[in-house]
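The values are calculated or read from the model by the stated rules, or taken from the named source; none is laboratory data. Since this is a predicted model, take the numbers as computed values, not measurements. Cβ sites come from the backbone with ideal geometry, for glycine too, and all protein chains shown count toward neighbours. Calculation scope for accessible area: heavy atoms of the full protein, side chains included, ligands and nucleic acids excluded. Shrake-Rupley method; radii C 1.70, N 1.55, O 1.52, S 1.80 Å.
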Amino acid sequence: MARTPDALIKPELLVWARQSAGLRLDAAAAKLRVPEDRLRSWETGEARPTIAQLRMAAKVYKRPLAIFYLPEPPLDFQPLRDYRRVPDAQLGQLSPELLAVIRRAHAIREAALELRELADEPVSPAPKLDEETTDPERYGAAARALLGVTLAQQAAWRDPRRALNAWLDAVSALDVLVLQAQSIAVQEMRGFSISTDRLPVVVLNGGDFPRGRIFTLLHEFAHVLLRADGVCDVLPRRQARGPTDEIEIFCNQVAAAALMPLDAFRSEPALQDPSAERRWSENTIGNLSEKYSTSREAVVRRLYSIGLADWDFLQEKEAEYRAAYKAFREEQKRKRREEERSGGPSYYRMKVRDLGRGFIESALDAYYRRAITGSDLSEYLEIKLNGLPKLEAELAATGGARD
């Protein structure tokens, strides 16, 4: 087979693409199936990749081929602040998969803004609060009021998926773009936010429990209100070790205050038992979890934050829930394998979940008004046009069940 011609590109584009993908030289060379020295020679300009090799690089670095022919590296997204504290996630070292998800979120935001402009629809300024940030209870109450969710509404959302979708709708109604991501371990990221003056973004880990995603959604919404974006694990901190921890502790407290308003929560009959001695039964925790449509983990954190549980109890329950979550994930994997053998969960259902109904409906509306081409639509929604009927059918069928 004849060798394809060399790719006439500037070597700094290769360096930029690899580094922005979060890959070391040796890891990138392994994925490209070339010796490390050869990749180094491409990046220094001593040699050039062939066009076929450049196509492989575009695939590995998750970049369009044309971007390598730019005269200079483009201005990429700014790295998000890293708030993670999970044991397996090293600060400042986002995985290539997570970096790709962050890039995708930026791209979807830009596409959403374009679609709104084409439809001549205004974009509201990013939501904000004038409340002082010294009192998370007041800030959480103000955040809840901004979202317009009443306790009566929340109490009616006993089904976790219904509750998640209702909170998603409340946040999205404030012109916050809410997306969900697949194939990222919860141990690395439960959520992240991109704070901007127009159309800020919240991304949830679609692999998390629905009630876990609710807490993360409110946590990231607090980040949006504070204009303090970043990648989060949403784990509790006992004591702040610096400004970064202070923000995370505050956002955790705001999310808890918004989900479980202080006066209502303290007044719960189950919490009036003086014999509990700040150690609550799983039955009590579970009932509160159901009533406030939030995770058991969030309930225990709330008990701790208002002085109704101690740190040891919190840590003990966190360990239990992590073990339960691990078992849940294994069961989910088993079910997914069974589903794949029988046709699998609809690819298009996952597309509706991850991109959100609002963005998909905006793209479809623009397409049918002929404001964008079929090629544009395919790029926006990441589907082939022959799959459009299936996507529209899923959009109509899922309705309120798009978790």
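Testing VAL123 on (1) assigned to a helix (DSSP H, G or I); (2) in contact with a helix residue (DSSP H, G or I) (Cβ under 9 Å, 6 or more places away or on another chain); (3) more than 17 Å from ALA258 (Cα to Cα); (4) not charged (D, E, K, R), one condition comes back false. Which one is that?
(1)
Determine if the range 98-113 includes at least one residue that is within 24 Å of GLY358 (Cβ to Cβ), assigned to a loop (DSSP other than H, G, I, E, B) and among the hydrophobic types (A, V, I, L, M, F, W, C).
no
Is it the case, given these coordinates, that ALA319 is under 30 Å from ALA256 (Cα atoms), surrounded by fewer than 19 Cβ atoms within 10 Å (Cβ to Cβ), out of contact with any Pro (no Cβ under 7 Å at 6 or more places or on another chain) and at pLDDT 85 or above?
On the way: under 30 Å from ALA256 (Cα atoms): yes; surrounded by fewer than 19 Cβ atoms within 10 Å (Cβ to Cβ): yes; out of contact with any Pro (no Cβ under 7 Å at 6 or more places or on another chain): yes; at pLDDT 85 or above: yes.
Answer is yes for this residue.
Specify which of the listed residues (PRO79, PRO73, PRO96) is of a type outside the set (A, V, I, L, M), open to solvent by 70 Å² or more (accessible area, probe 1.4 Å) and at pLDDT below 90. I'd like the intermediate steps shown before the answer.
Working: PRO73 fails: open to solvent by 70 Å² or more (accessible area, probe 1.4 Å); PRO96 fails: open to solvent by 70 Å² or more (accessible area, probe 1.4 Å).
Matching residue, one of PRO79, PRO73, PRO96: PRO79.
Confirm whether ALA107 is exposed (fewer than 15 other Cβ atoms within 10 Å of the Cβ) and under 17 Å from the mean Cα position of the chain (by Cα).
Working: exposed (fewer than 15 other Cβ atoms within 10 Å of the Cβ): yes; under 17 Å from the mean Cα position of the chain (by Cα): yes.
When the stated conditions are applied, ALA107 passes them.
Among the listed residues PHE250, PHE209, which satisfies the condition of being among the aromatic types (Phe, Trp, Tyr), open to solvent by 10 Å² or more (accessible area, probe 1.4 Å) and more than 19 Å from ARG353 (Cβ to Cβ)?
Numbers: PHE209 fails: more than 19 Å from ARG353 (Cβ to Cβ).
Of the residues listed, the single one that is among the aromatic types (Phe, Trp, Tyr), open to solvent by 10 Å² or more (accessible area, probe 1.4 Å) and more than 19 Å from ARG353 (Cβ to Cβ) is PHE250.
How do the pairs read when you match residues in the range 311-326 that are farther than 15 Å from ARG279 by Cα with residues anywhere that are part of a helix (DSSP H, G or I) and open to solvent by 60 Å² or more (accessible area, probe 1.4 Å), using Cβ under 8 Å and keeping only pairs 6 or more apart or on different chains?
Pairs that qualify, where the first residue is farther than 15 Å from ARG279 by Cα and the partner is part of a helix (DSSP H, G or I) and open to solvent by 60 Å² or more (accessible area, probe 1.4 Å), are TYR321/ARG296.
Any residue in the range 46-55 that is under 30 Å from LEU235 (Cβ atoms), open to solvent by 90 Å² or more (accessible area, probe 1.4 Å), among the acidic types (Asp, Glu) and at pLDDT 85 or above? Give the derivation first.
Going through the range 46-55, the residues under 30 Å from LEU235 (Cβ atoms) turn out to be none.
No, because not a single residue in the range 46-55 is under 30 Å from LEU235 (Cβ atoms), open to solvent by 90 Å² or more (accessible area, probe 1.4 Å), among the acidic types (Asp, Glu) and at pLDDT 85 or above.
Which of (1) in contact (Cβ under 8 Å) with a residue 60 or more places away in the chain; (2) within 29 Å of the chain's Cα centre (by Cα); (3) open to solvent by 30 Å² or more (accessible area, probe 1.4 Å) is the odd one out, the single condition LYS10 does not satisfy?
For LYS10, the exception is condition (2).
Under 9 Å between Cβ atoms, which residue pairs at least 6 apart in sequence (or on different chains) link something in the range 17-38 that is open to solvent by less than 30 Å² (accessible area, probe 1.4 Å) with a partner that is assigned to a helix (DSSP H, G or I) and of a type in the set (S, T, N, Q)?
Within 9 Å, the pairs are LEU32/GLN53; VAL34/GLN53.
Given ALA258, ALA298, ALA264, which one is under 16 Å from ALA141 (Cα atoms), within 26 Å of the chain's Cα centre (by Cα), touching a residue at least 12 places away in the same chain (Cβ under 8 Å) and part of a helix (DSSP H, G or I)? Give the derivation first.
Numbers: ALA298 fails: under 16 Å from ALA141 (Cα atoms); ALA264 fails: within 26 Å of the chain's Cα centre (by Cα).
On inspection, the qualifying residue turns out to be ALA258.
For the condition open to solvent by less than 20 Å² (accessible area, probe 1.4 Å) and at pLDDT 80 or above, what is the one hit in LEU262, LEU314?
On the way: LEU262 fails: open to solvent by less than 20 Å² (accessible area, probe 1.4 Å).
When all the criteria are applied, what remains is LEU314.
Just to check your reading of the model, which residue among PRO274, PRO269 is modelled with pLDDT of 90 or more and more than 22 Å from ALA142 (Cα to Cα)?
Numbers: PRO274 fails: modelled with pLDDT of 90 or more.
Sole residue among the options that is modelled with pLDDT of 90 or more and more than 22 Å from ALA142 (Cα to Cα): PRO269.
Considering (1) in contact (Cβ under 8 Å) with a residue 40 or more places away in the chain; (2) crowded, with 18+ Cβ neighbours inside 10 Å; (3) farther than 26 Å from ILE306 by Cα, say which one VAL202 fails and leave the rest.
Exception for VAL202: condition (1).
If the Cβ limit is 7 Å and pairs must be 6+ apart or interchain, which residue in the range 171-187 that is more than 24 Å from TYR325 (Cβ to Cβ) pairs with which residue that is in a strand (DSSP E or B)?
Close Cβ pairs satisfying both conditions: SER172/VAL178; VAL176/VAL202; LEU177/VAL201.
Is it true that some residue in the range 113-121 is crowded, with 16+ Cβ neighbours inside 10 Å, more than 20 Å from GLU379 (Cβ to Cβ) and not polar (S, T, N, Q)?
no
Would you mind listing the helices (runs of 4 or more DSSP H) fully within the range 1-85 where at least 1 residues are farther than 30 Å from VAL186 by Cα and polar (S, T, N, Q)?
Values: elements: 11-20, 25-32, 36-44, 51-61.
Result: 36-44, 51-61.
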